[in-house]
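Structure record follows, encoded as structure tokens.
The values are calculated or read from the model by the stated rules, or taken from the named source; none is laboratory data. This one's a predicted model, so the numbers in the text were calculated from it and none came from an experiment. When we count neighbours, we look across all protein chains shown, and the Cβ atoms used for this are built from the backbone with ideal geometry, even at glycine. Protein only, heavy atoms only, side chains kept; ligands, DNA and RNA dropped before computing areas. Shrake-Rupley method; radii C 1.70, N 1.55, O 1.52, S 1.80 Å.
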Amino acid sequence: RQDLARRDFTVNAMAVSLNRLAKGLSPAQIIDPFDGRGDLSRGIIRVVAETVFEVDAVRLLRAVRLAAELGFNIDENTESLIRRHSRLVSGVAGERVREELVRLLAVFGAAPVRQLDELELLTALIPELAETKGVEQPKEHHWDVFEHSLRTVGALEYLLRRGSWEYGGGAVLAAVPWSGVLEEHFTREVSSGSTRRSLLKLAALLHDVNKPQTKAIDANGRMRFLGHPLEGAARVVGILERLRFSGKEIKLVETEVMHHMRPTQLSQAGLPSNKAIYRYFRDTGEAGIDILFLSLADHLATRGPGLVLEGWQEHARLVDYVIGKRFEQEKIVNPPKLIDGYDIIKFFRAS
């Protein structure tokens, strides 16, 4: 009972009598001093004691993650405690934060990320995002930079067939390419539990993180954010290093943020040339397909309810064409080498 009193949430604070189990007696005696079974049946995440977050602040993230994974709600008192202690999450070891964040991003939809913000954990975890709140954008943008970033996560999940989108109807998704090959691509593991899909959601959240620092008004009165993808990518590296993501994960997200505007720059009119497609995949490497979907999500989260279907279909057609070239004509994006290291080894062994 003393051990259970030190647990985090009531649904994790139950035990069984080992004496009865060892004797093969049935049913097992459930030791449940905090009504964990009741909270399980009600679908509630509730703290065992009001000190649980002070004892271990990673529990702040765990509450949101458990609720997301199980489809549960966090009870009101626990939510209040999370908000009260939200700043403690900044002191949690990066490795533990990464583990919780990766599992949270694996949950379908964007609601868990939204809940992190509602509970004041998101900006405590990534203070750089706080700077994007209230930053206005050009008239084609429906939301400010921060809200746009959250909406981009939701739009991405919709495009990857893992969530919903409230604007545009079925014609929006119908224009976007999808296949079993793409499904397998995005579910592929990258490093210790993270997948291409979960890391792309992270890139979507952070893709405009440096817009506040690059915001300027040009001579014509136009609002510009020149250089924000490149500078943002450098900032993202620092964020993910702090959260102890692996080098492979960081490189992938960095590339996605750095080149998130490239797809719309592939051609001034019509479909891009083979040369332009080659250069695109040369520069983006294994992140190329992911960035194409990020650009589509960025488009949806820019226009929101003001989406112009014709413009959207043109963007989706470009993405479909580029992906088709990537899969159908491998030699365009990955031309065969005239010679490689194995050829050299064979030559010198033979000599």
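So which of 286, 249 is touching a residue at least 24 places away in the same chain (Cβ under 8 Å) and either touching a Leu at 6+ places or on another chain (Cβ under 7 Å) or in a loop (DSSP other than H, G, I, E, B) (or both)? Talk me through it step by step, then tell me what you get.
Values: 286 fails: either touching a Leu at 6+ places or on another chain (Cβ under 7 Å) or in a loop (DSSP other than H, G, I, E, B) (or both).
Every option except 249 fails the conditions.
Scan the stretch 217-236 for residues that are open to solvent by less than 50 Å² (accessible area, probe 1.4 Å) and more than 23 Å from residue 109 (Cβ to Cβ) and jot them down.
The answer is 218, 223, 225, 227, 228, 229, 232, 233.
Tally the residues that are among the acidic types (Asp, Glu) and either open to solvent by 10 Å² or more (accessible area, probe 1.4 Å) or touching a Gly at 6+ places or on another chain (Cβ under 6 Å) (or both), restricting the search to the stretch 287-302.
The number of residues fulfilling the criteria is 1.
Among all residue pairs at least 6 apart or on different chains, which show Cβ distances below 7 Å where the first residue, located in the stretch 69-95, is among the polar types (S, T, N, Q) and the second is modelled with pLDDT of 95 or more and in a loop (DSSP other than H, G, I, E, B)?
73/43; 78/46; 86/119; 86/120; 86/121
Which residues, counting only those in the stretch 1-43, are among the aliphatic types (A, V, I, L, M), in contact with a helix residue (DSSP H, G or I) (Cβ under 8 Å, 6 or more places away or on another chain) and touching a residue at least 40 places away in the same chain (Cβ under 8 Å)?
The one that is among the aliphatic types (A, V, I, L, M), in contact with a helix residue (DSSP H, G or I) (Cβ under 8 Å, 6 or more places away or on another chain) and touching a residue at least 40 places away in the same chain (Cβ under 8 Å): 11.
Between 57, 15, 49, 5, which is among the small types (Gly, Ala, Ser) and under 27 Å from the mean Cα position of the chain (by Cα)? If you could, list the steps in order and put the result at the bottom.
On the way: 15 fails: under 27 Å from the mean Cα position of the chain (by Cα); 49 fails: under 27 Å from the mean Cα position of the chain (by Cα); 5 fails: under 27 Å from the mean Cα position of the chain (by Cα).
Every option except 57 fails the conditions.
Within the stretch 225-245, track down each residue that is aliphatic (A, V, I, L, M), within 19 Å of the chain's Cα centre (by Cα) and not in a helix (DSSP H, G or I).
243
Which numbered condition in (1) assigned to a helix (DSSP H, G or I); (2) open to solvent by 40 Å² or more (accessible area, probe 1.4 Å) is the only one that residue 134 fails?
If we test residue 134 against (1) assigned to a helix (DSSP H, G or I); (2) open to solvent by 40 Å² or more (accessible area, probe 1.4 Å), just (1) comes out false.
Tell me which helices (runs of 4 or more DSSP H) are completely within the stretch 18-121 and hold 3 or more residues being open to solvent by 30 Å² or more (accessible area, probe 1.4 Å) and not small (Gly, Ala, Ser), or say none if there are none.
18-22, 36-42, 59-70, 76-85, 94-106, 111-118
Could you tell me how many of the residues in the stretch 189-224 are part of a loop (DSSP other than H, G, I, E, B) and either under 23 Å from the mean Cα position of the chain (by Cα) or among the small types (Gly, Ala, Ser) (or both)?
Total meeting the criteria: 8.
Checking the condition β-branched (Val, Ile, Thr), under 26 Å from residue 157 (Cβ atoms) and open to solvent by 30 Å² or more (accessible area, probe 1.4 Å), which residue from 255, 284, 264 passes? Spell out how you get there, then give the answer.
Details: 255 fails: open to solvent by 30 Å² or more (accessible area, probe 1.4 Å); 284 fails: open to solvent by 30 Å² or more (accessible area, probe 1.4 Å).
Selected residue: 264, the only one of 255, 284, 264 that is β-branched (Val, Ile, Thr), under 26 Å from residue 157 (Cβ atoms) and open to solvent by 30 Å² or more (accessible area, probe 1.4 Å).
Going through the stretch 166-198 one residue at a time, which ones are among the aromatic types (Phe, Trp, Tyr) and open to solvent by less than 40 Å² (accessible area, probe 1.4 Å)?
Within the stretch 166-198, just 186 meets the criteria.
Does residue 6 count as modelled with pLDDT of 95 or more, open to solvent by 30 Å² or more (accessible area, probe 1.4 Å) and closer than 27 Å to residue 123 by Cβ? Even if it seems obvious, please write down each step before you answer.
Details: modelled with pLDDT of 95 or more: yes; open to solvent by 30 Å² or more (accessible area, probe 1.4 Å): yes; closer than 27 Å to residue 123 by Cβ: no.
The answer is no for residue 6.
For (1) more than 14 Å from residue 206 (Cβ to Cβ); (2) touching a helix residue (DSSP H, G or I) at 6+ places or on another chain (Cβ under 8 Å); (3) at pLDDT below 95, each residue gets a yes or a no:
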residue: 240; (1), (2), (3): no, yes, no
residue: 243; (1), (2), (3): no, yes, no
residue: 252; (1), (2), (3): no, yes, no
residue: 255; (1), (2), (3): no, yes, no
residue: 258; (1), (2), (3): no, yes, no
residue: 261; (1), (2), (3): yes, yes, no
residue: 269; (1), (2), (3): yes, no, yes
residue: 273; (1), (2), (3): yes, no, yes
